[in-house]
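Peer 1: The following block contains the structure, expressed as structure tokens.
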Amino acid sequence: MFPESMRVRKIIGNWKMYKTIAEAKAFVASLAFVAINNPIHIGLAVPFTMIASAAEAARGTLIAIGAQNMSDEAEGPYTGEVSCQMIKDAGASFVIIGHSERRRLFQETDFIINRKVIRAVNSNMQTVLCIGETLEEYNQGVTKEVLKKQIMENLQAVTVEQMKLITLAYEPVWAIGTGQSATAEIAEHTHQFCRELIANKWGKNIADHLVIQYGGSVKPENAGGLLDQIDIDGFLVGGASLSLDSFTKIIQSQQIKVS
Ligand code: 13P
């Protein structure tokens, strides 16, 4: 579990629909050594099928294992769905909700995402809520409006106490999987805006402790510059988290700043 008492950097790999159980176990075993030497939170959001074995491999290490999605229902006749209790039972200590691929490819609306967030926090599950604008929205200059709508609607009815379970991940859709990361300046400006919104709604204390990750083409080459920014507290890493070498380098890029 990630303790939420202070803003410790948090770097999570989102494996999306990649890897086998055997690969996951080997990856976690090797990553455990990297985690020992790094005073940050490290997580892997793995496919449902490998949560249990990855969590078993991560037992006793500093690596948190999470899921990439969950149902908005508690249980019932919902063929193909996986509940919050089920991912918890399998060993997940966090869940990603509202990833742009879920919004875009699986038609998840702000309403559904809010239901999932509420379900997760009511189950005391740490939740990484993804938000971000599309390229079209970015070009139209409506990024702030889009993010404000997502934050307000996706976190609607989340209490101050429950906000301690939330991590925000700003992932501009135009930066995901494109090799084109947001510049450190653009990302910092946006993170600041999100933190202010959170402060206005849930209070300064919550906003000061809220971890806001950046996601979108994070690589060893750009990680250090992004982490130099005050309001960038870590990353949600896609493609570069599939390779132990590049994920390790991204984790190590923050070492200089913590000491
Ligand atoms: P990439 O790092 O591959 O751009 O993906 C980012 C992402 O979607 C993480 O959730």
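The values are calculated or read from the model by the stated rules, or taken from the named source; none is laboratory data. Not measured: the values here are computed from a predicted model. Counting neighbours? That spans all protein chains shown, and the Cβs are built from the backbone with ideal geometry, glycine included. Each accessible area value is taken on the protein alone, full model and side chains, heavy atoms only, with ligands, DNA and RNA left out. Shrake-Rupley method; radii C 1.70, N 1.55, O 1.52, S 1.80 Å.
Peer 1: Does any residue of the range 84-91 turn out to be more than 15 Å from the chain's Cα centre (by Cα), within 22 Å of MET50 (Cα to Cα) and open to solvent by less than 10 Å² (accessible area, probe 1.4 Å)?
Peer 2: Yes, the range 84-91 contains at least one residue that is more than 15 Å from the chain's Cα centre (by Cα), within 22 Å of MET50 (Cα to Cα) and open to solvent by less than 10 Å² (accessible area, probe 1.4 Å).
Peer 1: Identify the single condition in (1) under 20 Å from the mean Cα position of the chain (by Cα); (2) open to solvent by 40 Å² or more (accessible area, probe 1.4 Å) that GLU136 does not satisfy, given that it satisfies every other one.
Peer 2: Of (1) under 20 Å from the mean Cα position of the chain (by Cα); (2) open to solvent by 40 Å² or more (accessible area, probe 1.4 Å), only one is false for GLU136: (1).
Peer 1: Hey, among the residues in the range 231-259 that are modelled with pLDDT of 95 or more and farther than 23 Å from SER30 by Cβ, which one's farthest from the ligand (Cβ to nearest atom)?
Peer 2: Going through the qualifying residues, I end up with ASP231.
Peer 1: Can I ask one more? Conditions: (1) open to solvent by 40 Å² or more (accessible area, probe 1.4 Å); (2) more than 16 Å from the ligand (Cβ to nearest atom). TRP202 meets all but one. Number of the miss?
Peer 2: The single condition TRP202 does not satisfy is (1).
Peer 1: Is there a residue being touching a residue at least 60 places away in the same chain (Cβ under 8 Å) and open to solvent by less than 20 Å² (accessible area, probe 1.4 Å) anywhere in the range 67-74?
Peer 2: no
Peer 1: Scan the range 206-224 and tell me whether some residue there is under 19 Å from SER243 (Cα atoms) and in contact with an Asp or Glu (Cβ under 7 Å, 6 or more places away or on another chain).
Peer 2: Among the residues of the range 206-224, at least one is under 19 Å from SER243 (Cα atoms) and in contact with an Asp or Glu (Cβ under 7 Å, 6 or more places away or on another chain), which makes the answer yes.
Peer 1: Let me ask you something else. Would you mention how many residues in the range 175-184 are more than 7 Å from the ligand (Cβ to nearest atom) and crowded, with 19+ Cβ neighbours inside 10 Å?
Peer 2: The number of residues fulfilling the criteria is 2.
Peer 1: When you go through LEU226, LEU165 one by one, which is the residue that is more than 16 Å from the ligand (Cβ to nearest atom), touching a helix residue (DSSP H, G or I) at 6+ places or on another chain (Cβ under 8 Å) and at pLDDT 95 or above?
Peer 2: Residue meeting the stated conditions: LEU165.
Peer 1: Pairs please, first residue from the range 96-113 and within 22 Å of LEU44 (Cα to Cα) and of a type outside the set (A, V, I, L, M, F, W, C), second anywhere and within 11 Å of the ligand (Cβ to nearest atom) and part of a loop (DSSP other than H, G, I, E, B), Cβ atoms under 8 Å, 6+ apart in sequence or on different chains.
Peer 2: Cβ pairs passing all conditions: HIS99/GLN68; HIS99/GLU171; SER100/GLY132; SER100/GLU171; SER100/ILE176; GLU101/LYS16; GLU101/ILE176.
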